[in-house]
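Written below as structure tokens is the structure these notes are about.
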Amino acid sequence: MASFTLDGQTYEYLRSAAGHSAEETKSWEYGNYPRVMARVPLAAGGTVDVYASAERWNASNVLVSWTDDDDHKHWAWVPAGNVRRVTESEWDIEEYRRCPEKLCAIKWGNRLPGFLPEETLLTPATRMKQIHLAARNVISGALNGVLPWQRRYSSPLPQGQG
């Protein structure tokens with residue numbers, strides 16, 4: 001039986017099979033695994049909620065991975081209904097909660113956990129659109145002989161100043 005310790009409590013969990021063939025199992029792109037809350041089935045019955053990454057899925061199950069208190073990695077196939085995506089803010093709060101006290105100031109500084117800078121809340125597609133629009137604005141301004149940072153200062157100063 002596989003076990004892990006979370007918040008000082010040890011759990012024995014079920015390591016069930018995927019429930020489908022390898023051909024029916026899909027994978028998210030490496031490094032872009034969705035962050036989830038997974039309700040992992042325990043050997044003695046019941047479940048425990050863990051913050052995890054979803055790595056693979058099929059029609060009925062999701063393979064999730066998480067780390068325990070000793071920073072050991074664990075994997076389990078969990079019924080798809082026991083998995084939900086978490087927000088970036090939820091994940092940030094959980095990371096803060098599990099971070100060693102001496103290191104919290106390095107990562108979070110004066111920022112409260114869960115209150116993320118606006119750009120981290122954007123999806124990668126939205127971020128790419130913003131970058132594309134900004135680049136297009138710079139290029140179009142350069143073609144017109146005016147760069148974006150020059151626009152706000154291009155008008156002459158009022159009489160008597162300067």
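When the stretch 40-57 is filtered for residues that are surrounded by 14 or more Cβ atoms within 10 Å (Cβ to Cβ) and either of a type in the set (G, A, S) or over 20 Å from D70 (Cα atoms) (or both), the ones remaining, listed by number, are P41, T47, A52, S53, A54, E55, R56, W57.
One residue stands out among those in the stretch 10-39 that are without any contact (Cβ under 8 Å) to a residue 40 or more places away in the chain and either among the aliphatic types (A, V, I, L, M) or not in a loop (DSSP other than H, G, I, E, B) (or both): the one that is most open to solvent (accessible area, probe 1.4 Å), which is E23.
Set side by side, the residues D49, D69 differ, and just one is at pLDDT 60 or above and out of contact with any Lys or Arg (no Cβ under 6 Å at 6 or more places or on another chain), which is D69.
Listed by first and then second residue, the pairs with beta-carbon distance under 7 Å, at least 6 apart or on different chains, first residue in the stretch 86-105 and of a type outside the set (F, W, Y), second open to solvent by 80 Å² or more (accessible area, probe 1.4 Å), are V86/R35; E88/L121; C99/K107; C104/Y96. Within the stretch 80-97, is even one residue outside any loop (DSSP other than H, G, I, E, B), open to solvent by less than 70 Å² (accessible area, probe 1.4 Å) and hydroxyl-bearing (S, T, Y)? Yes - at least one qualifying residue is present in the stretch 80-97. Within the stretch 42-58, residues that are of a type in the set (D, E, K, R) have Cβ atoms under 8 Å from residues that are part of a strand (DSSP E or B) and open to solvent by 70 Å² or more (accessible area, probe 1.4 Å) in these pairs: D49/R39; E55/W75; R56/K26, counting only partners at least 6 apart in sequence or on another chain.
The values are calculated or read from the model by the stated rules, or taken from the named source; none is laboratory data. Because the structure is a prediction, the values reported are computed rather than measured. Quick reminder, even Gly has a Cβ in these numbers, built from the backbone with ideal geometry, and neighbours come from all protein chains shown. We work out accessible area using only protein heavy atoms, side chains counted, and drop any ligands, DNA or RNA first. Shrake-Rupley method; radii C 1.70, N 1.55, O 1.52, S 1.80 Å.
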